[in-house]
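These notes concern the structure reproduced below.
Every number in this text was worked out from the coordinates using simple rules, so none of it is lab data. Being a predicted model, the structure only gives us computed values, none of them experimental. Quick reminder, even Gly has a Cβ in these numbers, built from the backbone with ideal geometry, and neighbours come from all protein chains shown.
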Amino acid sequence: MIAGPASRRRRVGLDSYGLFPLELSPFPTLEWAVAHGADGVSFSGLSSEWHARMDAAALADLRAFAAAHDLYLEWGGGQHIPRDMTSWARKDLFDLNRRAAHEASVLGAATVRSCSGGLMRWDPSNPATEILLRETAGALRAQASMLRDHGVILAIETHFEFTSFELVRLFEMCEAQPGDWLGICLDTMNLMTMIEHPAFATERLLPWVVSTHMKDGGVLMGRDGLTTFPVPIGAGTIDLEDIIQRLDTLPRPVHLSVEDHGGSVLLPIHDEAFLLRFPDLTGTELAALVNLSEVTAGRPACRPVERKDWPVICESRIAHDIEAMGALARSVPVVAGGAS
């Protein structure tokens with residue numbers, strides 16, 4: 001069921017990660033957003049130097065600047081796996097996430113992005129995913145009241161730690177409900193790196209989505225497996241129009257924050273032992289991803305950028321992505337029944 005033309009509630013902004021090579025502090029990041037027509041900024045996280053400067057007064061000034069320019073703000077710096085992702089030593093996340101939640105509350109931000117690392121199942125010597133899921137659930141359950149008290153949702157990014165199936169199980173283990181204290185930051189391209197089709201995984205996670213990294217991408221088949229990577233908005237294989245319309249059905253507005261960067265990830269799908277670490281993967285979903293690789297192969301412009309080359313193009317590419325996502329958000333018919 002389709003309603004009228006897209007409304008102002010489809011707000012298109014940027015995630016600050018794509019501009020990290022510019023080494024902008026928070027205020028220049030907001031000024032860059034205003035200059036390039038963005039509706040807001042999702043701060044993935046700050047350098048330790050700038051984070052140390054973010055006292056209550058600085059946060060209040062950021063909030064005032066955003067309000068004066070009608071920008072939305074989303075905060076980062078949260079984590080969910082209670083381990084050091086290099087040494088695998090245990091660590092307590094409560095104080096770290098409490099600080100991030102307090103900062104978000106002062107900013108008037110409703111979400112705190114959580115990202116702990118990732119690609120752990122690429123190395124079989126790392127702790128098993130089921131162990132990390134149990135530990136994560138235990139750590140997060142202890143934070144529920146704290147997050148509610150701050151009025152924020154910890155938004156776990158669809159990164160390289162857990163698949164959509166595992167995230168749904170995690171929420172069940174935490175006895176969480178959509179819209180309460182735990183949610184999803186939907187990174188549309190990262191889903192492919194976890195051997196998931198973006199449309200399928202989005203539907204599985206949809207009730208939990210509270211923020212986004214709107215990112216286009218490609219996937220190429222090679223002798224060693226599939227390689228996934230980001231590309232400019234509109235140049236890739238991800239049906240972002242479909243995802244936008246799925247987000248329309250939610251009972252709350254979700255901001256469309258573009259994220260982009262260089263680099264690629266190899267998925268050694270010819271290795272049976274590797275595939276066994278994705279126990280929920282079906283032949284249907286793998287075939288759908290392989291089909292996307294055939295589409296990518298037919299688009300010569302849909303190719304990865306090396307991470308070392310990203311600093312040179314980051315500013316122009318993020319500017320392009322904001323413009324392209326804005327045009328898409330304005331052109332896609334609104335699905336009736338969602339937030340207004």
Here the qualifying pairs (Cβ atoms under 9 Å; residues six or more apart or on different chains; first in segment 262-282 and on the phi > 0 side of the Ramachandran plot; second in a strand (DSSP E or B) and not β-branched (Val, Ile, Thr)) come out as Gly263/Phe229; Gly263/Pro230
Among the residues of segment 78-107, write down those that are in contact with a strand residue (DSSP E or B) (Cβ under 7 Å, 6 or more places away or on another chain), in contact (Cβ under 8 Å) with a residue 60 or more places away in the chain and assigned to a loop (DSSP other than H, G, I, E, B).
His80
Is one or more of the residues making up segment 128-138 in contact with an Asp or Glu (Cβ under 7 Å, 6 or more places away or on another chain), of a type in the set (A, V, I, L, M, F, W, C) and closer than 30 Å to Ala327 by Cα?
no
Among the candidates Ala52, Ala128, Ala64, single out the residue that is surrounded by fewer than 18 Cβ atoms within 10 Å (Cβ to Cβ), free of Cβ contacts under 8 Å to residues at least 40 places away in the same chain and closer than 15 Å to Thr29 by Cα.
Ala64
Given (1) more than 26 Å from Val12 (Cβ to Cβ); (2) buried (at least 17 other Cβ atoms within 10 Å of the Cβ); (3) not charged (D, E, K, R), index of the condition Ala273 fails:
(2)
Quickly run through segment 298-314 and pick out the residues that are in contact with a Gly (Cβ under 9 Å, 6 or more places away or on another chain) and either among the acidic types (Asp, Glu) or part of a helix (DSSP H, G or I) (or both).
Glu306, Arg307, Lys308, Asp309, Trp310, Pro311, Ile313, Cys314
If we keep only residues of segment 208-245 that are free of Cβ contacts under 8 Å to residues at least 60 places away in the same chain and touching an Asp or Glu at 6+ places or on another chain (Cβ under 7 Å), then the residue surrounded by the most Cβ atoms within 10 Å (Cβ to Cβ) is Lys215
